[in-house]
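Down below is the structure, laid out as structure tokens.
Please treat every number below as a calculation from the coordinates, not as lab data. Remember, it's a predicted structure, so these values are computed and weren't measured experimentally. Neighbour counts run over all protein chains shown; Cβ positions are idealised from the backbone, glycine included.
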Amino acid sequence: MDRSPAPAGAFFLAGNPDSMSDAKDLDPTDWEVFRAQAHGALDAMIDHIRDVRERPVWREASAEVKARFRRELPLKGRDFSRTLADFDAYIKPYAIGNTHPLFMGWVQGAGTPVGMVAEMLAAGLDSNCGGRNHIALDVERQIALWMAQAFGFPPDASGIFVTGASMANFLSLLVARERAAGGKNVRLNGLGALDSVLVAYASREVHNCVRQAMELSGLGARHLRLIASDERRAMRVSDLQHAIAADRAAGLTPFLIVGTAGTVDTGAIDDLDALADVASEEEVWFHVDGAFGALAALSPALKPLVKGLERADSIAFDFHKWLHVPYDAGFFLVRDPQTHRRAFAADAAYLSRAPRGLAAGETWPCDLGPDLSRGFRALKTWFTIETYGVELLGACIEQTCHMARRLEALIEASPNFVMRAPVTLNIVCFGVAEDADGSLAREIVMDLHESGEAAPSLTILDGVPAIRAAIINHRTHKADIDRFMELLEAVRRQALREPHPEPLAAAPRGPGRTRLSQD
């Protein structure tokens, strides 16, 4: 018997291949049964969205529920209906809660029924949007064209879907680095090919992902200058100019200014026009982190707040925030498509292009970012914009800002709470009167979470915890803001009676709903 080793990379299956059944696949054995189960699951999710106000904002999963997700790897499958039942019992009741109108702690979109259906349709197509010649890429290009129009970019601006604005901000730094390299091949030779150290500038209010981008790119966080902010928490332009001058005098190379349209803590907006002036004078890349605030441009009333956005070299923003496209749907838009492509395009035999057929096309999404395997994020965004239109979407954005002003007025009218930062867009930061160290504010937030009634968050302003209400949800109306204020007053009274209370006692309030004790 020949016992010579198998060739490298070879493998064998026991038995005669000719005798093996070829009937194995992953499709249902009974399509009609599956159809009924799938329709039932869709109906249940539609009900779930419709009845969002009848549930707690958030419920913590019990130890028993969490134990369900610490089981051994299953070797055998089971009926689809049992998997759906486990979803209903162990997953759906314990979601983060951002669909609820009183979820307002973090800037998270609330989704829409239209977006949910679009996500299902995209999953059915299962398109890989890294490249090749298929219609999904045309849908993505349509979104780029629409956003160029919305933000005042040229129609040939290039854009690409990414997971979120954190990744888009990272890509912006790499494109800006490519421009600053001035023809030197940094991608091949590394940062040592540059004549001097590159330095970037942003407000001290900027999102931490910008610092992380400096770290991951090899440029180093120490070369990100965090410029002081003014009383509106916007970057001080004069301080920026002084910092650039000092770095040039020290032999360093300024290459990037990051403006912020809607800071993560308070929603502040930098003077984008002034920053664009500085960037032009200094010949550096001007990028705007507009994670949620850039989309204020869709509201005629709010658009003046982001004046100067149209002068940026690139913009990072999220459709899954103020446009409520289901997660995830971040976007990166670049004015100069050639520089964008140079930063990422690479030759590979398996990505060879052809004059026609499925491999046709000059620029694929994999030439504009690091991902080759990419989902069809553009479809749910296209569905959202096509179905609702920018007038209604912009009106919903504007409405959340009105709700923030309403909450601000209620806070200012209360003797028990104090504003902690100016309201620019839709974020309201406030504290508790006579709570110098913020400990009572912290208790109030935790108690509200555990009650299931509302979900603000905490942030730190000037070293002290503050309550932060980011009103992003299109479902949040006047009655919800008034209810939130009532809850704040009630939980403050209870927390004062019990400085370190157990989770708030709750009384029944309809199916699956609780109410704070107010006696």
Taking Cα pairs under 8 Å and at least six residues apart, what relative contact order does region 120-385 come out at, in percent? 29 percent
Before rounding to the nearest 500, sum -39500 (n - 2.57) across all DSSP H runs of length at least 4 in the chain and divide by the residue total; then give [θ] at 222 nm in deg cm²/dmol. -12000 deg cm²/dmol
On the first, second and third principal axes, largest extent first, how far apart are the outermost C-alpha atoms of the chain in Å? 89, 67, 48
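Ranking 449, 320 by Cβ neighbours within 10 Å, fewest first, what do you get?
The fewest-first ordering by Cβ neighbours comes to 449, 320.
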Overall dimensions of region 120-385 by Cα: Rg and Dmax, Å: 18.3, 58
Using the crude model of +1 on Lys and Arg Cβ and -1 on Asp and Glu Cβ, and no other charge, please compute the dipole size for the chain relative to its Cα centre, in debye to 20. 400 debye
Amide H of residue 417: which non-local residues (sequence gap of 5 or more, or other chain) have their own amide H closer than 5 Å, using H built in the peptide plane? 433
Dipole magnitude of region 81-165 about its Cα centre (Cβ charges: Lys, Arg +1; Asp, Glu -1), debye to nearest 20: 80 debye
Pull out the extension gain between residue 42 and residue 188, defined as 0.36 nm times the separation in residues minus the alpha carbon to alpha carbon distance; nm, one decimal. 47.6 nm
Simple SL model, points at 7 angstrom along Cα→Cβ for residue 363 and residue 120; separation in nm is 3.6 nm
Nearest 20 debye, what's the magnitude of the dipole of region 245-298 about its Cα centre given +1 on Lys and Arg Cβ and -1 on Asp and Glu Cβ? 140 debye
Hey, what do the phi angles of region 160-170 turn into as Karplus ³J(HN,Hα) couplings, whole Hz, using 6.51/-1.76/1.60 and θ = phi - 60°, x for Gly and Pro? 8, 6, 9, 5, x, 5, 4, 5, 4, 5, 5
Which of 434, 412, 72 comes first, and how do the rest follow, when ranked by fewest Cβ neighbours within 10 Å? 72, 434, 412
Which ordering of 425, 198, 392, 302 is given by a fewest-first count of other beta-carbon atoms within 10 Å? 392, 302, 198, 425
In a shell of Cβ-Cβ distance under 15 Å around residue 129, excluding residue 129 itself, what net charge do Lys and Arg (+1) and Asp and Glu (-1) give? -2
Considering only the other residues whose Cβ falls under 12 Å of the Cβ of residue 42, what net charge follows from Lys and Arg at +1 and Asp and Glu at -1? -2
